[in-house]
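Inspection log for the structure reproduced underneath, given as structure tokens.
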Amino acid sequence: MKRGLLILSFAISIVCCDQKNPNIPVIGFADAFQDNTIEQAKTGFIDALQQEGFDEKKGTLKIIYRNAQGNIPTLTQIIKYFIAQPVTLIAASPSISAITAIQNAKGIPIFMMVSPTPALMKVNDEKGNPPANLFGVGETLDYIDTSFLLIPKTIKPKSEKLTVGMIFNQSEPQSVESMDRIKKLAGENNIHLVARPVNASADAQLVTASLLSENIDVFFANPDNIVFGSFETILQLCNQNNIPIFTSEAGLVERGALAAYGADIYQWGYQAGKQAAEYLKTKNVEGLHWEMVETRKRVYNPAAAKKFGIDIPSNFQAVQ
């Protein structure tokens, strides 16, 4: 009996020591939903940490990974769980994870990725300053111009005026901002834009099908969490209706979209991971601030280009 109690006591002490070891930093990584494109950011983030000596396999780091599977209440619970641990820092991908972390974790450094600027997320204070604990890597919407304006350069409209269709999440600030920007671009370039709001991934199929009945020439996949999460459904419907997809998200080209100019999602996560590693080394946020994404690329999908008979400019790189 005494021997059993001794073994149990020893096991408990090992667990407690492992959980409380202050020499091993703990990262809480929150993903809002399951998505092959967004997943590249996590891979890049972890690779950057390993390059800097923070590696779970070597016992120099612990990562608590949680995925909310598209459920916002679950995402909030995940962030609160990280706070209760407590974790050394929170890694948040994409924007909805960053926003949820900002709303709940006031004293823990947050390293965002696959997220717009704090201003676009509408998390700045009245003076225009971002949250003091927000770091990582953000992006403006300027790159959308290049992606969207590739459409009139390469597509011959069915009628006199080019018609572009898109869906957007009306409850997501970044999506609304991008839709407004695209609407302005369309007006300036004599393009007829048909935009449909969508509130959840479950609605994407029905809304996209309705959009395709509007006799559009092109579908534009904007930076939107619902578009990311529902892309295979959107792609299938567009292919069935012989409608090419242009996008501002390079990762979606690998999944079947025709062409894009946008951030490299892996490098986006890698850049955020390098900054997080810097914090883990110094335990100090002095000198750290959120950064603009550094790596963007022009890419196209050769199979999609062949299917639709479209010539892509020579400065676009083919993806496999």
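The values are calculated or read from the model by the stated rules, or taken from the named source; none is laboratory data. On a predicted model such as this, the values are computed, not experimentally measured, just so you know. In this analysis, Cβ positions are derived from the backbone assuming ideal geometry, glycine residues included, and neighbour counts consider all displayed protein chains.
Data table
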| read-out | value |
| --- | --- |
| Members of region 198-209 found to be at pLDDT 95 or above and not in a helix (DSSP H, G or I), listed by number | none |
| Test for N215: is it at positive phi and at pLDDT below 95 | yes |
| K58 being basic (K, R) and in contact (Cβ under 8 Å) with a residue 12 or more places away in the chain | no |
| Cross-chain or 6+ apart pairs with Cβ under 9 Å, region 227-247 first and on the phi > 0 side of the Ramachandran plot, then surrounded by 15 or more Cβ atoms within 10 Å (Cβ to Cβ) | N242/F308 |
| Given (1) over 21 Å from A209 (Cα atoms); (2) surrounded by fewer than 23 Cβ atoms within 10 Å (Cβ to Cβ), index of the condition Q170 fails | (1) |
| Residues located in region 141-162, provided they are of a type in the set (S, T, N, Q), surrounded by fewer than 18 Cβ atoms within 10 Å (Cβ to Cβ) and in contact with a strand residue (DSSP E or B) (Cβ under 7 Å, 6 or more places away or on another chain) | T146 |
| Counted residues, region 157-193 - those being part of a loop (DSSP other than H, G, I, E, B), more than 17 Å from F228 (Cα to Cα) and free of Cβ contacts under 8 Å to residues at least 60 places away in the same chain | 8 |
| Any hit, region 196-207, residues being of a type in the set (A, V, I, L, M), over 19 Å from the mean Cα position of the chain (by Cα) and more than 24 Å from I96 (Cβ to Cβ) | no |
| Hits in region 276-304 - residues which are under 29 Å from D55 (Cβ atoms) and in contact with a strand residue (DSSP E or B) (Cβ under 6 Å, 6 or more places away or on another chain) | A276, L288, W290, E291, V293, R296 |
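Yes or no, residue by residue, for (1) part of a loop (DSSP other than H, G, I, E, B); (2) modelled with pLDDT of 95 or more:
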site	(1), (2)
Q77	no, yes
Y81	no, yes
V87	yes, yes
I90	no, yes
S97	no, yes
I102	no, yes
K106	yes, no
M113	no, yes
N124	yes, yes
